[in-house]
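Quick notes on the structure that follows.
The values are calculated or read from the model by the stated rules, or taken from the named source; none is laboratory data. Bear in mind the structure is a predicted one, so any value in this text is a computation, not a measurement. In this analysis, Cβ positions are derived from the backbone assuming ideal geometry, glycine residues included, and neighbour counts consider all displayed protein chains.
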Amino acid sequence: MDKTAETPAHIRKEVKTPGKLSRMFLSFYDVCQFVTRFFKEGFLPPYEGKELMRQCYDIGYRSLALISLTGFITGIVFTKQSRPSLAEFGATSWLPSLVGIALLRTLAPLLTSLIAAGKVGSSIGAELGSMRVTEQIDAMEVSATNPFKFLVTTRVLAATITIPILTFYTAMVGMLGALLNVSLFEDTSARAFFQMSLESITFLDITASTVKAILFGFTIGIVGCYQGYNSSKGTEGVGKAANSAVVIGMFLIFIEEIISVQFFSLFRT
Amino acid sequence: MEQKKTTDIGQEKVIEVKGLYKSFGNYDVLKGVDLDLHRRENLVVLGKSGTGKSVLIKILVGLLSPDEGEVKVLGQHVDQISYKQLLDLRLKVGFSFQNSALYDSMTVRQNLEFPLVRNQRKLTKGEVNQAVERVLDAVGLLQTINQMPSELSGGQRKRVGIARTLILQPEVMLYDEPTAGLDPITCLEINSLINEVQERFHTSSIVITHDLTCAKAVGNRVAMLLDGKFERQGTFEEVFNTSDERVKPFYDYNFIQ
Ligand SMILES: Nc1ncnc2c1ncn2[C@@H]1O[C@H](COP(=O)(O)OP(=O)(O)OP(=O)(O)O)[C@@H](O)[C@H]1O
Ligand SMILES: [Mg+2]
């Protein structure tokens, strides 16, 4: 498009759009500020307890069905696929331990947070995005209330609290799936199954999974809120916010998973 | 219709704007705005779409920051005070949005309660309910108290939006196009609501509008935003008694057609 021909009289200053790299640093700085604000304002009174409860319930409720289904099927499939390899060594009796460890250490945290990034992250992004676009956030601002506290803090906290709980729930449902498969093909009793798998799980496994799930939950909350809260005007901005909440959220979860696997393996001998 | 007269306008200035500049990127919106609002006065701001009327009042409540110039509201420099002080100031300044901006996940009652319970934590449940019902009654919409914003008409939403700002008992009201997109009868209702608010709650107001009937009915004074400045200010007659081609169409459209 020819710019000079159509530039209206009032547009006269030099156009200075920041380059790609400086834009990246700018938005990184923005995100850091957003996270700092969360820690600075999140734990100061007044608290939005009621809204926090509502958000926790909402997140749990929204992802429960999908997580149950995915966890259960993963339990069945993982057990089924692992059996032949173990059978080669005549070690099918290790199946409960293997499934227990795999589910708790990696599958459950990852499955849960990926699903939550899709369901919860996108809806947080869309919800806050449309509140930004329709000036509802500005309206909170001008009525002398702090929208960050009411909207962002509650959602981030809710995700951080709920995702670990959902993670252990997923692990349990996965175990049920595994049990179903095991009891169909082996004569291991339910009791023996749970005993074996629980015995192989260490305190470190539980700690590591909890820490990871907390991290993932926080990431989902922060990314969704950041995208929505800062979404650009217009309906398109809302869609973009929801979309990038999912994409960026999932990407960060994988990176965090890789780092934390490395980190926790330092403690395993 | 005669321009309205209010006798007890004070000399004290609640809003003082001097030499205000604001641009977005390379687009200069406000180019040296000067504006005074006196206590208990209703000032009508007119101007073409896109001239920066909404930007101006957003600067007054600190939603946007000025590039240059002095912006004093109730004696405080809006762009220089701390966030805490800004919140205190915003308690005294009601802002009614062009699109109402009701919280669409909350009922009308919750919309009205929202600012109140967060700013006056000592209120009992009964007192909150009483306050909500009082302002909702003032805008004539008591029957909608349990409805969701999506179930209201545009005019009703405007009025709920006004009620939501009144609940904090502001000293200054800023109305962004309160009558835009409404039928003439509802416009008249909103006009008298604005006048009633001025009398009952002793507010000073800035009313942004395109509608000269509204301007005449509610304004003690009129200011016209032209090319980023208030070139014409004064009574209705003073502003429109001109052959300025940028001003005349407003008058002609509203009263001749
Ligand atoms: N946050 C923003 N970012 C970039 N540009 C903006 C922003 N807000 C307003 N503008 C621009 O400033 C100009 C003035 O906008 P404003 O909303 O104040 O117009 P207005 O006078 O209220 O018009 P209308 O009568 O249609 O509401 C517009 O051209 C708009 O594009
Ligand atoms: Mg406007």
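When the residues of the stretch B:121-135 are filtered to those that are surrounded by fewer than 15 Cβ atoms within 10 Å (Cβ to Cβ) and within 23 Å of the chain's Cα centre (by Cα), which remaining residue is farthest from the other protein chains (Cβ to nearest Cβ)? Per the stated criteria, the residue is B:Glu133. The condition (being farther than 14 Å from B:Ile206 by Cβ, without any contact (Cβ under 8 Å) to a residue 40 or more places away in the chain and surrounded by 20 or more Cβ atoms within 10 Å (Cβ to Cβ)) is satisfied by just one residue among B:Gly75, B:Gly62, B:Gly25: B:Gly62.
Residues checked against (1) closer than 17 Å to A:Pro109 by Cα; (2) more than 15 Å from the chain's Cα centre (by Cα); (3) buried (at least 19 other Cβ atoms within 10 Å of the Cβ); (4) among the hydrophobic types (A, V, I, L, M, F, W, C):
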position: A:Ala159; (1), (2), (3), (4): yes, no, yes, yes
position: A:Pro164; (1), (2), (3), (4): yes, no, yes, no
position: A:Ser209; (1), (2), (3), (4): yes, no, yes, no
position: A:Gly221; (1), (2), (3), (4): yes, no, yes, no
position: A:Ala241; (1), (2), (3), (4): no, yes, yes, yes
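Pairs are defined by a Cβ separation below 8 Å, a sequence spacing of at least 6 or placement on different chains, a first member in the stretch B:178-197 that is over 14 Å from B:Leu166 (Cβ atoms) and in contact (Cβ under 8 Å) with a residue 40 or more places away in the chain, and a second member that is β-branched (Val, Ile, Thr) and within 16 Å of ligand 2 (Cβ to nearest atom); the pairs so defined are B:Ala180/B:Thr209.
Of everything listed in (1) within 14 Å of chain A (Cβ to nearest Cβ); (2) of a type outside the set (Val, Ile, Thr); (3) without any contact (Cβ under 8 Å) to a residue 24 or more places away in the chain, the single unmet condition for B:Ala101 is (3).
Taken over the stretch B:163-175, the criterion of being within 16 Å of ligand 2 (Cβ to nearest atom) and at the interface with chain A (Cβ under 10 Å from one of its Cβ atoms) is satisfied by B:Leu174 alone.
Does the stretch A:40-51 contain at least one residue that is hydrophobic (A, V, I, L, M, F, W, C), surrounded by 13 or more Cβ atoms within 10 Å (Cβ to Cβ) and either away from chain B (no Cβ under 14 Å) or assigned to a helix (DSSP H, G or I) (or both)? For the stretch A:40-51, residues hydrophobic (A, V, I, L, M, F, W, C), surrounded by 13 or more Cβ atoms within 10 Å (Cβ to Cβ) and either away from chain B (no Cβ under 14 Å) or assigned to a helix (DSSP H, G or I) (or both): absent. Quick check, is B:Val93 without any contact (Cβ under 8 Å) to a residue 40 or more places away in the chain, over 30 Å from B:Lys248 (Cβ atoms) and either touching a helix residue (DSSP H, G or I) at 6+ places or on another chain (Cβ under 7 Å) or more than 16 Å from ligand 1 (Cβ to nearest atom) (or both)? Judged against the criteria, B:Val93 is not a match. Residues in the stretch B:44-53 that are within 8 Å of ligand 1 (Cβ to nearest atom) and surrounded by 21 or more Cβ atoms within 10 Å (Cβ to Cβ): B:Gly47, B:Gly52, B:Lys53.
Those helices (runs of 4 or more DSSP H) of the stretch A:98-191 in which at least 1 residues are within 14 Å of chain B (Cβ to nearest Cβ) and touching a Cys at 6+ places or on another chain (Cβ under 9 Å), considering only elements entirely within it, cover A:122-133, A:154-185.
Results for (1) under 19 Å from A:Val156 (Cα atoms); (2) among the aliphatic types (A, V, I, L, M); (3) away from ligand 1 (no atom under 16 Å from the Cβ); (4) surrounded by fewer than 23 Cβ atoms within 10 Å (Cβ to Cβ), shown as yes or no for each residue.
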residue: A:Leu198; (1), (2), (3), (4): no, yes, yes, yes
residue: A:Ile201; (1), (2), (3), (4): no, yes, yes, yes
residue: A:Ile206; (1), (2), (3), (4): no, yes, yes, yes
residue: A:Ile214; (1), (2), (3), (4): yes, yes, yes, yes
residue: A:Phe218; (1), (2), (3), (4): yes, no, yes, yes
residue: A:Ile259; (1), (2), (3), (4): no, yes, yes, yes
residue: A:Ser265; (1), (2), (3), (4): no, no, yes, yes
residue: A:Arg268; (1), (2), (3), (4): no, no, yes, yes
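Within the stretch A:180-191, the residues that satisfy the criterion of being among the aliphatic types (A, V, I, L, M) and without any contact (Cβ under 8 Å) to a residue 24 or more places away in the chain are A:Leu184, A:Ala190. The number of residues in the stretch B:226-257 being away from every other protein chain (no Cβ under 14 Å) and either within 16 Å of ligand 1 (Cβ to nearest atom) or charged (D, E, K, R) (or both) comes to 15.
Here is the figure for the stretch B:22-72: residues that are within 14 Å of chain A (Cβ to nearest Cβ), of a type in the set (S, T, N, Q) and part of a strand (DSSP E or B) total 1. Is the stretch B:17-25 home to any residue that is modelled with pLDDT under 90 and either in contact with a Ser or Thr (Cβ under 8 Å, 6 or more places away or on another chain) or of a type in the set (A, V, I, L, M) (or both)? So far as the stretch B:17-25 goes, no, none of its residues is modelled with pLDDT under 90 and either in contact with a Ser or Thr (Cβ under 8 Å, 6 or more places away or on another chain) or of a type in the set (A, V, I, L, M) (or both).
Counting the residues of the stretch B:10-30 that are in contact with an Asp or Glu (Cβ under 7 Å, 6 or more places away or on another chain) and within 12 Å of ligand 1 (Cβ to nearest atom) gives 2. Scan the stretch B:115-130 for residues that are closer than 23 Å to A:Asp138 by Cβ and among the aliphatic types (A, V, I, L, M) and the total you get is 2. Among the numbered conditions (1) within 18 Å of B:Leu91 (Cβ to Cβ); (2) modelled with pLDDT under 90, the only one that B:Gly181 does not meet is (1). Taking the stated definitions as given, is B:Asp36 of a type outside the set (A, V, I, L, M) and within 14 Å of ligand 1 (Cβ to nearest atom)? For B:Asp36, the condition - of a type outside the set (A, V, I, L, M) and within 14 Å of ligand 1 (Cβ to nearest atom) - is not met. Here B:Ile190, B:Ile185 are screened, and the one residue that is more than 15 Å from ligand 2 (Cβ to nearest atom) and farther than 22 Å from B:Lys53 by Cα is B:Ile185. Restricted to the stretch B:114-203, the set of helices (runs of 4 or more DSSP H) holding at least 3 residues that are under 29 Å from B:Gly47 (Cβ atoms) comprises B:154-166, B:184-200.
Residues of the stretch B:74-120 that are β-branched (Val, Ile, Thr) and within 18 Å of the chain's Cα centre (by Cα): B:Val78, B:Val93. Residues in the stretch B:207-224 that are within 14 Å of ligand 1 (Cβ to nearest atom) and crowded, with 22+ Cβ neighbours inside 10 Å: 8 in all.
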